[in-house]
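To start, the structure itself, in structure tokens.
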Amino acid sequence: MLMRTFEDLPPGLTETFGPLTVSKDDVLTFAREYDPQPFHVDEIAAKDSFIGTLIASGWHSCSLNMRLFADGLVLDSSSMGSPGIEEVKWLKPVRPGDTLRSRMKVLESRASRSRPSLGLVRFHFDMLNQADEPVLTQTNWVMFATRDAEPFSGGRNALAAAADALPGAVPAREIPPVSANPYFEDLVVGETDELGSYTFAPDDIVAFARQFDPQRFHVDAEAAKDSLFGALCASGWHTASVWMKHMVGHRDRIRDYALSHGQRPARLGPSPGFTNLKWLKPVYAGDTIAYRSTVTAKRASASRPGWGLVFHHNTGTNQHGEEVFAFDGMVFWERRD
């Protein structure tokens, strides 16, 4: 099969990728590393959760859709990565044993104004289970080189070089001590939590990418030199999954504080999805990303008595003080009453 370029992805094109079966070990392995909430890692605890059964992390579902897309199209294309995700909706849980397919449609395409050798393609995905039920929908742009594009070469790109030249790296922020156990009613709109920092080691970048996003600039440091990014960089889904890892760690510290003071910790339920996810700058091997989360709004749930829906804006900032990652999320949060 010939490598597909920007010109080979016209609006209206539809394809289906897969199948891919998700085992219980797959669910547990991802969740233990990136999203160890009880309903993702413990069958017994999951029975008493919001969902009532063991389910895959939503970030795992996104990563699996990426793998289906990679195997079905991206690895035989001139893909140059994605600037972000417009919207993801987690419609139904992905359970151990589910067999998934991804149905892709090209919504629109346009040439890049700043780089004539690149084009942007907007995709919509419906990831379906074995009963043809949509479990996830996703809309996003991907960059592709044009058919006559000149090869990229010359080490790390100008964007990365400019970042390296910034004076005075910003040190990773310390995590402040936990001093509260907020229920829905206690959350203050505008309040920001420091979730912690993570350094992306080359081996970690490659290990994640080999499983979920094996594009050359994520798995091969030498090949990455001739890509748009100029050096080995993390998959965007890796950057997002590490945010989730730190959010769960933050909640665990709050839980431990509550238990040590004789309180019952407030529970979090699942997330319906997210919007406006942006990968603003590459995350290169050796970069340290500090993650934060800010409450932007909240409202009582009409469908789930005893729960509220909390909206939050989340960011990741590298050691140069540059924001590399951001998205707007939502999550069900237990009410005090």
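The values are calculated or read from the model by the stated rules, or taken from the named source; none is laboratory data. Since we're looking at a predicted model, the values are computed, not measured. FYI the Cβ positions are ideal-geometry reconstructions off the backbone, even for glycines, and counts take in every protein chain you see. Side chains are part of the model used for accessible areas, which takes the heavy atoms of the whole protein and leaves out ligands, DNA and RNA. Shrake-Rupley method; radii C 1.70, N 1.55, O 1.52, S 1.80 Å.
Among the candidates GLY306, GLY230, which residue alone is at pLDDT below 95, surrounded by 22 or more Cβ atoms within 10 Å (Cβ to Cβ) and at positive phi?
The unique qualifying residue is GLY230.
Please work out which one of (1) open to solvent by 30 Å² or more (accessible area, probe 1.4 Å); (2) hydroxyl-bearing (Ser, Thr, Tyr); (3) under 24 Å from SER77 (Cα atoms) is the condition SER102 fails and give its number.
Evaluating SER102 over (1) open to solvent by 30 Å² or more (accessible area, probe 1.4 Å); (2) hydroxyl-bearing (Ser, Thr, Tyr); (3) under 24 Å from SER77 (Cα atoms) leaves (1) as the failure.
How about segment 21-130: which helices (runs of 4 or more DSSP H) wholly inside it have at least 1 residues that are more than 22 Å from GLY236 (Cα to Cα)?
The qualifying helices (runs of 4 or more DSSP H) are 24-34, 38-41, 43-46.
For ALA131, state whether it is modelled with pLDDT of 95 or more and either loosely packed, with under 15 Cβ neighbours inside 10 Å or among the hydroxyl-bearing types (Ser, Thr, Tyr) (or both).
Answer is yes for this residue.
Results for (1) out of contact with any Cys (no Cβ under 6 Å at 6 or more places or on another chain); (2) part of a loop (DSSP other than H, G, I, E, B); (3) among the aromatic types (Phe, Trp, Tyr); (4) under 22 Å from ALA56 (Cα atoms), shown as yes or no for each residue.
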residue	(1), (2), (3), (4)
HIS250	yes, no, no, yes
ARG264	yes, yes, no, no
GLY286	yes, yes, no, no
ARG299	yes, no, no, no
LEU309	yes, no, no, yes
THR315	yes, no, no, no
ASP328	yes, no, no, yes
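Taking ASP256 as the residue in question, decide whether it is among the charged types (D, E, K, R), open to solvent by less than 40 Å² (accessible area, probe 1.4 Å) and over 17 Å from SER57 (Cα atoms).
So ASP256 fails the test.
Taking ALA70, is it free of Cβ contacts under 8 Å to residues at least 12 places away in the same chain and more than 30 Å from ARG251 (Cα to Cα)?
no
Give me the pairs, please: first residue somewhere in segment 208-222 and free of Cβ contacts under 8 Å to residues at least 12 places away in the same chain, second residue anywhere and surrounded by fewer than 18 Cβ atoms within 10 Å (Cβ to Cβ), beta-carbon distance under 9 Å, and either six or more positions apart or on two chains.
From segment 208-222, the pairs are ARG216/LEU75; ARG216/ALA223; ARG216/ASP226.
Table: residues versus (1) touching an Asp or Glu at 6+ places or on another chain (Cβ under 7 Å); (2) open to solvent by 30 Å² or more (accessible area, probe 1.4 Å); (3) of a type in the set (Phe, Trp, Tyr).
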{"residue": "SER260", "(1), (2), (3)": "no, yes, no"}
{"residue": "GLY286", "(1), (2), (3)": "no, yes, no"}
{"residue": "VAL310", "(1), (2), (3)": "no, no, no"}
{"residue": "PHE325", "(1), (2), (3)": "no, no, yes"}
